[in-house]
1. So what is log10(I(q)/I(0)) for the stretch 23-132 at q = 0.11, 0.12, 0.14, 0.24 1/Å, when the Debye sum runs over its Cα atoms only?
2. Can you list the residues, at least 5 places off or on another chain, whose amide H is less than 5 Å from the amide H of Lys75, using H built in the peptide plane?
3. How much length would be gained if the chain were fully extended between Ile140 and Lys109, taking 0.36 nm per residue of separation minus their Cα-Cα distance, in nm to one decimal?
4. Between Ser99 and Ser132, what FRET efficiency comes out of the Förster formula 1/(1 + (r/R0)^6) with R0 = 35 Å and r the beta carbon distance, rounded to 0.05?
5. Could you give each residue of the stretch 55-62 its phi-based ³J(HN,Hα) in whole Hz, using Karplus coefficients 6.51, -1.76, 1.60 with θ = phi - 60°, and x for Gly or Pro?
6. How many nm is it between the label spots at Lys62 and Glu50, if each spot is 7 Å from the Cα in line with the beta carbon?
7. Pairs Lys113/Lys146; Lys62/Lys113; Lys62/Lys109; Lys74/Lys146: which exceed 21 Å Cα-Cα?
8. Please report, in whole Å³, the volume per residue of the convex hull around the C-alpha atoms of the stretch 52-104.
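The values are calculated or read from the model by the stated rules, or taken from the named source; none is laboratory data. The structure displayed is predicted, hence computed values, not measured ones. Heads up, the Cβs are rebuilt from the backbone with ideal geometry, glycines too, and the neighbour counts pull from every protein chain shown. Note: accessible area is taken over every heavy atom of the protein model, side chains too, but ligands, DNA and RNA are not part of it. Shrake-Rupley method; radii C 1.70, N 1.55, O 1.52, S 1.80 Å.
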Amino acid sequence: MSAEDVLFDMLHSEIVSYLVSKSAEDEDISILEHLGYSCGWRLIERITKELPRYKEELEVLKFICTDFWSCVYKKQVDNLRTNHQGVYVLHDNEFRFFSKLSNGTQYLKSAPKYATFTCGLIRGALENFGISSIVTVEIIRMPSCKFHIQVLPSSS
């Protein structure tokens with residue numbers, strides 16, 4: 001197991017411990033999402049410092065699904081869908097944060113809490129590219145999930 005994997009597992013266990021030890025209220029979830037946002041913003045700075053900046057929204061989302069996701073989760077997103085009107089869906093069939101949870105239905109209700117950090121991660125990464133968005137998660141069957149990204153109109 002690499003040092004990065006150990007670090008990732010430590011982060012995961014800290015998030016799980018936090019969410020299990022407290023009955024994670026809305027304010028707590030908001031803090032967790034903000035932590036993800038900050039990490040996503042900073043990760044994009046590091047990953048893209050040697051790369052030319054992407055100009056098209058779809059190029060940015062493809063980068064998030066391939067390089068960014070691989071950097072964080074050691075795999076690419078399994079599927080990216082769009083309606084070409086600012087709505088994107090990233091589908092991960094084996095979401096790493098759910099790998100240590102049971103595949104049964106007992107965690108299905110609380111599972112979105114475990115993906116809150118990743119919603120912030122995606123939002124922060126996109127914001128660094130100049131794309132404001134709302135990111136939500138949908139979990140129908142564990143360990144897969146879908147991240148819905150709604151791109152907000154730019155104010156310029």
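1. -0.37, -0.44, -0.60, -1.46
2. For Lys75, whose amide H was placed from the backbone, the distant partners under 5 Å are Ser70.
3. Full-extension gain reported as 10.2 nm.
4. 0.70
5. Per residue, the Karplus-derived 3J(HN,Hα) values read 9, 8, 4, 5, 4, 5, 5, 5 Hz.
6. Using points 7 Å along Cα→Cβ, the separation is 2.2 nm.
7. Lys62/Lys113; Lys62/Lys109
8. Considering the Cα atoms of the stretch 52-104, their hull volume per residue is 83 Å³.
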